[in-house]
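Peer 1: Structure incoming, see below.
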C-alpha cells in the first residue's frame with residue numbers, strides 16, 4: 001500500500017472540510033429521476049488511504065505499491081499462526097519488522113535472559129540468583145547475645161529459610177563443649193543470630209567469638 005503518487009497530489013494532508021449531508025452509503029444515483037450519484041471526495045479517499053497505511057506501518061512495513069501489504073500487516077499484528085509472535089514481541093517490547101531476519105531470535109534471547117536471570121557473587125559472603133529463588137551465604141563471629149547479620153543483597157520479597165552451622169567446631173574437644181545456634185527476626189535485609197556454648201556442667205550460656213556459617217534461601 002502506497003500513498004497516491006501523481007503530479008496533482010499534494011505533500012501535506014489537507015484538512016477535512018466542513019461536512020454536510022447524512023452519513024450513509026454510496027449511491028449510483030438515478031439519472032431518470034434526477035438523483036445524482038454520490039461524489040467521491042478527496043478527504044474521504046485520504047481517510048481510507050491513511051487508515052490502511054497506519055496498519056501497514058504499525059506492523060513495521062515500509063509502504064510500497066505491493067497489493068498484499070495490508071494482509072501482511074494484519075497477519076503480523078493479529079492473525080493466525082503469527083499471534084504467538086505478536087505476543088512475544090509485545091512482551092519484550094520489540095517493534096514488528098518483517099525485514100529483520102533475526103527478529104524472533106533476538107526476542108527469544110531477550111525473553112530468556114529476562115526470565116532466567118542467573119547472576120552470582122562468589123566468596124565467603126555471596127549469593128546466587130536463579131529463576132525461582134535466591135541463595136545467599138556467609139560467615140560471621142558471634143557477640144555475647146544477639147549477633148546481627150546482614151544479607152549480601154536484600155531479598156525482593158522474603159527469606160524462606162536461614163540455617164546456621166558451627167564454623168570451626170572448636171567445642172568438640174575433650175571434654176566436649178558443643179555450641180547451639182538460633183535465628184530470629186528474619187527480614188529481607190538480614191537476621192539475628194544467637195550462639196551459646198554448653199559448658200561442662202551441662203548449662204548453656206551465650207558466648208562471644210564463636211565462628212559460624214549460614215545459608216539463606218528466599219525470593
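The values are calculated or read from the model by the stated rules, or taken from the named source; none is laboratory data. These numbers come from a predicted model, not from an experiment. Glycine also receives a Cβ, built like all others from the backbone with ideal geometry; neighbour counts cover every protein chain displayed.
Peer 1: Given the residues 17, 31, which is the only one that is farther than 30 Å from residue 95 by Cα and in contact (Cβ under 8 Å) with a residue 12 or more places away in the chain?
Peer 2: Testing whether each residue is farther than 30 Å from residue 95 by Cα and in contact (Cβ under 8 Å) with a residue 12 or more places away in the chain leaves just 17.
Peer 1: I'm told residue 187 meets every condition in (1) modelled with pLDDT under 85; (2) surrounded by 12 or more Cβ atoms within 10 Å (Cβ to Cβ); (3) not in a strand (DSSP E or B) except one. Can you identify the failing condition by its number?
Peer 2: Evaluating residue 187 over (1) modelled with pLDDT under 85; (2) surrounded by 12 or more Cβ atoms within 10 Å (Cβ to Cβ); (3) not in a strand (DSSP E or B) leaves (1) as the failure.
Peer 1: Identify the single condition in (1) in contact (Cβ under 8 Å) with a residue 24 or more places away in the chain; (2) part of a strand (DSSP E or B) that residue 182 does not satisfy, given that it satisfies every other one.
Peer 2: (1)
Peer 1: Is it true that some residue in region 40-59 is closer than 28 Å to residue 103 by Cα and in a loop (DSSP other than H, G, I, E, B)?
Peer 2: Yes, because at least one residue in region 40-59 is closer than 28 Å to residue 103 by Cα and in a loop (DSSP other than H, G, I, E, B).
Peer 1: Taking into account only those residues within region 205-219 that are surrounded by fewer than 19 Cβ atoms within 10 Å (Cβ to Cβ) and part of a strand (DSSP E or B), which is farthest from the chain's Cα centre (by Cα)?
Peer 2: The residue in question is 205.
Peer 1: Between 193, 169, which is crowded, with 18+ Cβ neighbours inside 10 Å and either over 42 Å from the mean Cα position of the chain (by Cα) or modelled with pLDDT under 95 (or both)?
Peer 2: 193
Peer 1: Take the residues in region 99-122 that are under 30 Å from residue 139 (Cα atoms) and surrounded by 10 or more Cβ atoms within 10 Å (Cβ to Cβ), then tell me which one is modelled with the highest pLDDT.
Peer 2: 121
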